[in-house]
Every structure is written in C-alpha cells, then in structure tokens.
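Report on one structure; see the data block that follows.
The values are calculated or read from the model by the stated rules, or taken from the named source; none is laboratory data. These figures come from a predicted structure and were not determined experimentally. Cβ placement follows ideal geometry from the backbone for every residue including glycine, while neighbour counts extend to all protein chains displayed. Accessible surface is based on the protein model in full, side chains and every heavy atom, while ligands, DNA and RNA are left aside. Shrake-Rupley method; radii C 1.70, N 1.55, O 1.52, S 1.80 Å.
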Amino acid sequence: MSTDEFLTLPVVPLRDMVVFPHMMAPFVVGRRPSVTALEIALHREDSMIFLVTQKDPKVDNPGPDHVFTLGVTARVVQHLQLASGNIKVMVEGLARAEIVDLSSNEEGTLEATVRVRTVDLVATPAIEKYMADLTEVFKEYAKLSHHLSVEGVVASLQDQEVDQFADILSAHLSQPTAEKQKLLEMMEPMERLQRINDLLDVEIDKLQIDRQISSRVKKQMEKAQREYYLSEKIKAINEELGRNDNTEELAQLKKTIEESSMTDEAKEKALIEIRRLESMPPVSAEAGVCRNYVDWLLAVPWAASSREIRNIVRAEKVLNEDHYGLDEVKDRILEFLAVRQLVRKTGGTILCFVGPPGVGKTSLARSIARATGREFVRLSLGGVRDEAEVRGHRRTYIGAFPGQIIQMMRKAGTVNPVLLLDEVDKMAADFRGDPAGALLEVLDPEQNNTFQDHYLDVEYDLSKVLFVCTANVMHTVPPALQDRMEVIKLSGYTHHEKLAIAQQFLVPRQVDKHGLSKWKVSFDEGSLLLLIERYTREAGVRNLEREVASVCRKLARRILREKRPKSNVVTVDAALIGELLGKPRFRALKREEKPEIGAASGLAWTQVGGELLMTEVLLMRGKGQLTLTGQLGEVMQESARAALSYVRSRAEELQIDPEVFEKSDIHLHVPEGAIPKDGPSAGITLCAALVSALTRTPVRADIAMSGEITLRGQVLPVGGLKEKILAAFRAGIFEVVVPEENEKDLEEIPDDVQKKMTFHLVSHMDQVLKRVMVGRSEEHGAPAAGAEDSSLGSSTVAH
C-alpha cells in the first residue's frame, strides 16, 4: 500500500552519488546555488532538503533538465563550515520523492515541489525467507570484496522492514551511479530485492574470477622460482661432474654457422656469440638475446637466389597478360632482361612508378616478379616515421629486431627478390628520425652492397635486389632520394584503354567472382563506356571495377529472383546499367554547340585526368574594375591580370576602343564555381575570352587551347598535355592550340587519338587569336606590330 504527501523543499543536485532512504551519507557542498539551498534547509524547523542526482556530473550549473525526476527527501543531521568556504554535511535519507515542479531563481538555486512516495509491504514468511537468503549472499559478497564491514552491515539488516532492508543493501552495493539510480526508482521492494540478488550474483562471480587469477599468478611465480632454483642446482651438479647440458646443441649450431654461406664478418660475429652462449646459463636473459641474434644471422639469405628467367618473349607475354598498355614500363623491364642476358653481373636497379591511384603501380611490380621468375615481397612505407623501421634497433634495446628491409629479405628467402617499396611519398619524419634518409643507402647502387642493419651490425649485400618504388606524387619525396631512382611516370588511362582493360580483365574477373559465368554474362561496349564516362571519374580503374562488381551483384540477385535457366545468355547494355545503378553520377563532358562572344574552351589537368575548362567574360558599365570568380588560385588570377594587360597594350591593333577599359567593368568567371582552380596554363584561354568580349567577336566552339601567356604575348609551355588533349577528344573537340615548345609531348598521345586530332603549335598570342576567333584568318588577323612580328606564323600538325 502506498501513501503520497506533497512538500516544497530546497534542492541540492548530487554528482556521481545516490542517497537512499534510511541511509546516513556525508558529502561536501561547494557550488554557490547548492550552498544557498543548504542554508535555506538549515533555517527550516525540520532541516529538510531534497537530494537528487545529476544526469551528467560534468554540468557545473544544473537546471531542471539536468537532474533525474526521482530523488530523496533528507534531514541535515550535522554540518561543518570548512576554511575553503565549502560546507561538509551529514544527511539522513528519509523517503523517496518525485519532482512535481522544479524551478530556479536568478542565482540558480533550485526549489522543488515533490510528492513523497512511500510503500508499505507486509513481510510474509516467503518474503522473510528470501530476505534471509539474500543476507547470506550479501555476507559472501562482503567477505570477497574486503572493503565492507560485514558485521556492521549485517547487524543493521536485522529486524528491518522489507523496504528498509532493500535500501540498506542498495546503499552498500559497489555499482555505477546509473545502476543505483535505477534501484532508487524501483518502487516495489520485492522488485528491488530481486534486482539486488542479480547484481550480487554478478559481482560475486567477478570477485571469484579475480581471486582465481591472483591465485594462478602466485602459483606461476612460485613455479618459476622453483624452476630457477632447480636449474641452478642442476648447473652446479653439472659443473661438479664436468658436464654441460647444452653442449651438443651449441656444437650443432656452430657447425651450421661454419657450413653456411654468410660472409666472414658475419661468421666471426656468430661464432663469438656461440662462445658467449657456452659460458652463460641457458635460462638467463642475455642467453636469449644472443641466441636470437645467431638465429637471425642464419635465417637471412646470404647466397640462395632464384633462378632468373631471361626469356624476353616469355616476359613480354606475362606483362601483356597482366596489364594493358603501360608500354614505357614494359619496355624498360624488357630492356633490363636483355642486358641481363648479355652481362651476367649488373648493378642494382631501382625503378620508381609515379602516377595517380588505381593505374596499376603495385600490381605491375608483382608482374615484374612473375616475368623474371623472382620472389616478390612488399613493404608498405605509408605513414612510417621511424628510421628504425628501415635500419632496425641496436641490440642494446630490449626486444630489438632487425629493420623491415632485412625482415623482407628473410621472408623472400633469396638474395635477388623484387622488393616493392610501396607509397614512398607517404613517409614522414619526427623526433625518431627520418626514414627517407635511411632509404638513401638502401636505394643507392653504389652503397647498398654494404648495407648495414643496426641489429645485425654486419654488412649485407642488397645489390642483387630489384627495387620497385611507387608514389602518387614526387614533390613530397626528398630530392636526394629522387636522384637515386629511375622515375617512370604512369599517367591516367584513356577511355579507350579503360574500355580494353574492362573487357580483358575487370569484367571476366568480376563475372567469375560473382558466380555468373554459368549464365554467360557479358557487357557490351556501350554499357562499359557509360560506366567509364558517367559513373566514374578517375585516372585508374578501381572505381570502374567497383561499379562492374555492383552491376554483377544486382544481376545475381535478379537472376535468382527470376529463376533464369543457366542456358540463358545475359548481355548488359546501357539501358540495363541505368536500371541497375540509377542516375549517372557525373555529367557528360561536352563542348559548346555554337561560337559565343566572351566564351572560350580551355583545358585543365587534374589527378583523375584532363578536364574541359570553359571561360566566360562579361562587360558591364562601370569604372574599369576586373572581377575574378570561380575559386581561382593566385597563379590563375595573375594570369588573368597579365592577359588583360596584354590586351590593353594591344588595344589599337585589336581595334578595341581604349576608353572601354575605363568605362566598363570586366567580370571573368570560370565554371564550375565549387571546384578550386589554379595554374598558369589557362593564360591564352583567358586572353582569347577577353578579346572576344571586347571586340564582340565569337570564339570558335570546336577548338580548345592551353598555354601560359606573358605580358609581351609570348606563349610558354605547359604540363599535363596528354591528359588535356584526351579531355578535348572526349568532349568532341578535334582541334587544339598548344605551345610550340610542347611539340615533343605530342608523341605521348595514343595513335588512335592522334589520327583524329589537329594540333596548332603557336609561340605568340597573335597566332592564337588568328586560329580561334571567328572571322579572323591568316590574312585578316591582328595587324603585325613591327618587323619582329612578320615571322609569327603558327605551324599545324594534322593527323
């Protein structure tokens, strides 16, 4: 039976503490609002106060939303003012109470109207038996925990009502605040007792496990001491008898060292360690260090080598089986094998493949190992910042090990593996040293035949290892390290190359992986081109393979749902791609349909390939201000100003009214505005767009351009030409204006693209304007400015 009573009391929020009814609890009050609430309670005749626990103990000024709704009415029994200004309080919990209304004044002091909740439960014989059993369980818990006074708590449990009995047990349980709050909120005493019983069972199990573990550890320590004592006794007995129990093992080890192919220096060090082992007790820590060192010297390959395959025809076949394209890399590997056929002993070879993610750098190294018949080991250097990772730790350190280079050689088991150093551009340096500095010795053919690991402390020959490094960019690799490597750049794949890779490698692999080969699943050319152009935007083919895998998964589900027979041939076309994958993620790269005034097509390089970069210029009535938008970087903004300065200097020759620069504002914008852009290669594009807007002459929509401009109108060379021209080709532009000094870079363009393209090589901005402006020709172009311009004739390379 429960009875309710309403009271209005000052409130003290508690941190990490729950006070139960019938419980004496001391705590310190320090927060100003809580001190004020306590003073109000002390001025009351009954000294009553309401105690409630905070939901989050980190909140310093709790409000009505920061405390639980159920707390305890309490009476202040004692209080003591401390020197710090805090008050130490002893309270006695009276009864549970639920907050009906909670408010705070300007100082943050809380006052609550609470409903006192009391429950009267008559103890039946069954309940008394349950309480007696629970008392015994609590006694066992108290004995195991060692921090409770068993006699005092058990005495307080005698002759108590059910409600008080449950609260006393709850108060003495070692539980988190949240669990104690749950016990406080349980109004039914029997429900509380059952929950306490469950908690006690769990705590007793934990304490018993802790005791078992402590006992086991103690026994193991006693066993170790016993074994040490007996081993010392055996050693003393053997010394008296003139016997050595590990003599045979050390003799066998010594014989293995003498028969091994290790260098004389390594042999000498190993034999010294054997002599030290003979004079040490086998159980000593130093003996373990010596034995480990000798084991490492024996485990590292000193002469064992793989039988190298020097058949160039077979090697070329293997490389073509694993990778499509990458002709420059394949030629370099075949040249290496050709030299190996003619010269038995060659210097170390260090190759570095540089290119965007997903173009096949790591897998290419594996193919090199397969083509040459060598073992393959891979060492990832991404995030390595400790020099000891490369050279190892000195043996003076506890738990020292050789560096990763020696560990990889042990893993390979031969002296001539292909060792891949992956992600050399991701290394970092800190107080532990610079791993890039340690690699200088490893990757120098003049030094790596005497590489010295800190742990082995003997010279080790790495000159027969074929090192292959990979990196995404080179500017983070130290110049000294770059100088030691033969850098081979792998640019992004063209659409034609991606299509061939998908047809030859990706589709067959994913169809087989997803169990669709029984249904003869195939992708037609249109579906693959759609995946390449509209669903992926990358330099490599990783995302393309993921999209092919996604199509295969959805296709597998559809085949099983429709219960198609295995004789049914499934062909994936463009329509099915859209149905399975949804809307395309990228918009198609397309050129403008017709020439427009103030709009020119430029070309840009990105990590994932080339892009078509439209440039727009607009004239407005104003005071000659130039506005640049489209997230242009500093270099690109300077190119725009240089282009404008050139146009102003040639205003008369270009038939532009000079007053337009003072009476009009010029707004230059490069879509897409959310993408940052930078670099000088858009100079001639910006200039052409400016001239178009100022002369009201359209720029041809079927031609693109790339080149840096100077104040004198000279056109300077740019980088990334291959990717830029491929971007123009994909967008349907087959004429490109490029700097004359970039003519040598046209050799990198794939033959199938070159045959359809026309390249205009220019050295001056006047030549650019003659090519790109509608209505201008060689005869009616910008007037020559003196004799020096008479030789400004651009050359055209047509294929």
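DSSP bridge analysis restricted to region 464-617 gives an antiparallel fraction near 80%, rounded to the nearest 5.
Among the listed pairs LYS129/LYS219; LYS583/LYS770; LYS361/LYS722, those whose Cα-Cα separation exceeds 30 Å are LYS129/LYS219; LYS583/LYS770. Can you classify the chain as rounded, prolate or oblate using the Cα gyration tensor, where a ≥ b ≥ c are the square roots of its eigenvalues, rounded means a/c under 1.5, and otherwise it's prolate if a/b beats b/c and oblate if not? Oblate, since a/c reaches 1.5 and b/c is not below a/b.
Note that region 614-767 carries a Kirkwood radius of 16.1 Å, evaluated over its alpha carbons pair by pair.
For the pair ASP60 and LEU207, a Förster radius of 41 Å applied to the C-beta separation gives a FRET efficiency near 0.70, rounded to the nearest 0.05. Work out how much length GLU672 to SER84 would gain on full extension: take 0.36 nm times their residue separation and subtract the Cα-Cα distance, in nm to one decimal. Result for the pair: 205.3 nm of gain on full extension.
A cut-off of 5 Å between modelled amide H atoms, ignoring neighbours fewer than 5 places along the same chain, links VAL77 with MET90, VAL91, GLU92.
Rounded, prolate or oblate: which fits region 529-576 when a ≥ b ≥ c are the square roots of the eigenvalues of the alpha-carbon gyration tensor, with rounded for a/c under 1.5 and prolate only if a/b beats b/c? The shape class here is prolate. Between region 261-306 and region 20-88, the alpha-carbon centres lie 71 Å apart. Is the C-alpha gyration tensor of region 583-699 telling us rounded, prolate or oblate? Criteria: a/c under 1.5 is rounded; beyond that, a/b larger than b/c is prolate, otherwise oblate. Judged from the Cα gyration tensor, region 583-699 comes out prolate (a/c at least 1.5, a/b above b/c). Full extension of the chain between ASP198 and LYS223 yields a length gain of 5.2 nm, computed as 0.36 nm times the residue separation minus the alpha carbon distance. Helix 683-695 and the longest principal axis of the C-alpha atoms of the chain enclose an angle of approximately 70°. Candidate cross-link partners of LYS218 among the lysines, defined by an alpha-carbon separation under 29 Å and a same-chain spacing of 8 or more, comprise LYS139, LYS143, LYS206, LYS233, LYS235. Using the 1.4 Å probe convention, the accessible area of the chain works out to 51 Å² per residue with neighbouring protein chains retained.
Say the cut-off is 27 Å between C-alpha atoms; which of LYS594/LYS724; LYS411/LYS498; LYS513/LYS563 go over it? Check vs 27 Å cut-off fails for LYS411/LYS498. Only Cα pairs under 8 Å and 6+ residues apart enter the sum, and on that basis the relative contact order of the chain stands at 7 percent. Of all DSSP-defined beta bridges confined to the chain, some 65% are antiparallel rather than parallel.
Every helix of 4 or more DSSP H residues in the chain counts as -39500 (n - 2.57), and over all residues that averages to -12500 deg cm²/dmol at 222 nm.
On the beta carbon distance between GLU45 and SER174, with R0 = 45 Å, the FRET formula returns roughly 0.75. Annotation: aspartates and glutamates with alpha-carbon distance below 13 angstrom to LYS520 (same-chain offsets under eight excluded): ASP512. A cysteine counts as unpartnered when no other cysteine's C-beta lies under 4.7 Å of its own; in the chain this applies to CYS290, CYS552, CYS687. Reducing region 400-454 and region 712-770 to their Cα centroids gives an inter-centroid distance of 42 Å. Once both labels are positioned 7 Å from their Cα atoms along Cα-to-Cβ, the gap between MET190 and SER550 label points is 5.9 nm. Ligands, DNA and RNA left out, the 1.4 Å accessible surface of the chain is 50% carbon and sulfur atoms. At full extension, THR8 and ASP457 could sit 153.5 nm farther apart than now, given 0.36 nm per residue minus the alpha carbon distance.
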